[in-house]
Amino acid sequence: LPKFAQTQILYIMKYLSLLSFLLIGSFTFAQIGVEVGYSSLNAKAKVGGNTAKATLSAFSIGLAYDLELSETLDLQPSIGFVLGEKVENESNNGLGIGAGLHYYFNNRDAGFYAGPVLSYSYTLEDVDTNISAKGVVGSGLVVGYDISPQFSVLAAYGFSLTDPSKVDGLKISTNSIGFALQYFFR
């Protein structure tokens with residue numbers, strides 16, 4: 001895509017993200033919170049019969065909404081800034097947007113929940129967009145525990161649904177494991 005089209009798509013995505021958070025916030029039972037996290041990402045590149053692997057780690061800080069849909073179900077969209085490990089002495093930062101559907105076992109009494117997550121990761125670094133896309137769609141599973149009404153801890157496993165490579169014959173896939181601590185202003 002031409003640079004102008006990429007800029008417009010990014011602008012539209014930012015606008016839709018902000019609009020989504022404002023609409024979700026208009027629900028009376030939505031609660032906003034902050035989260036800090038750590039994740040380890042395993043990347044695999046395949047070309048022909050050869051495979052290369054790399055492991056990177058990242059820290060994140062962000063905002064999350066907790067919207068109670070029913071006695072056993074919550075929707076939790078989030079947005080965060082990711083400070084990634086340097087690659088070849090270059091910074092590796094990005095933005096992450098996600099939404100998780102949390103199913104509470106035992107009607108919240110025990111505090112344990114689990115559910116699917118859908119995410120979009122976008123690099124803030126200058127990459128050659130003829131070789132690689134700046135964004136990747138992913139999915140995964142989250143498991144968590146509400147320590148108190150304000151604090152939650154969670155662990156997540158994720159994997160890429162889209163391949164960022166734009167080079168014929170090169171396939172890139174990722175999977176990750178992460179941990180986060182959340183504080184909600186309730």
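The values are calculated or read from the model by the stated rules, or taken from the named source; none is laboratory data. Keep in mind it's a predicted model, so treat the numbers as computed, not measured. Please note: Cβ atoms are built from the backbone with ideal geometry, for glycine as well, and neighbour counts cover all protein chains shown.
Some values worked out for this structure:
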quantity: Residue satisfying all of: in the range 64-81; out of contact with any Gly (no Cβ under 7 Å at 6 or more places or on another chain) and hydrophobic (A, V, I, L, M, F, W, C); nearest to K166 (Cα to Cα) among these; calculated: L75
quantity: All positions within the range 116-137 that are in contact (Cβ under 8 Å) with a residue 12 or more places away in the chain, of a type outside the set (V, I, T) and over 16 Å from Q76 (Cα atoms); calculated: S121, Y122, L124, E125, N130, S132, A133, K134, G135
quantity: Residues satisfying the stated conditions in the range 76-102, i.e. out of contact with any Phe, Trp or Tyr (no Cβ under 8 Å at 6 or more places or on another chain) and modelled with pLDDT of 90 or more; calculated: G80, F81, A99, G100, L101
quantity: Any hit, the range 117-140, residues being farther than 30 Å from T7 by Cα, touching a strand residue (DSSP E or B) at 6+ places or on another chain (Cβ under 8 Å) and surrounded by 13 or more Cβ atoms within 10 Å (Cβ to Cβ); calculated: no
quantity: Residue in the range 65-87 that is at positive phi and not hydrophobic (A, V, I, L, M, F, W, C) present; calculated: no
quantity: Count of residues meeting criterion [more than 17 Å from A156 (Cβ to Cβ) and in contact (Cβ under 8 Å) with a residue 24 or more places away in the chain] in the range 66-86; calculated: 7
quantity: Residue list for the range 56-76, filter: surrounded by fewer than 20 Cβ atoms within 10 Å (Cβ to Cβ), under 18 Å from R186 (Cβ atoms) and within 14 Å of the chain's Cα centre (by Cα); calculated: L63
quantity: Pairs, first within 14 Å of A110 (Cα to Cα) in the range 148-160, second acidic (D, E) and surrounded by 15 or more Cβ atoms within 10 Å (Cβ to Cβ), C-beta under 8 Å, six or more apart; calculated: S152/D146
quantity: Some residue of the range 125-136 being polar (S, T, N, Q), under 30 Å from N89 (Cα atoms), out of contact with any Leu (no Cβ under 9 Å at 6 or more places or on another chain) and part of a strand (DSSP E or B); calculated: yes
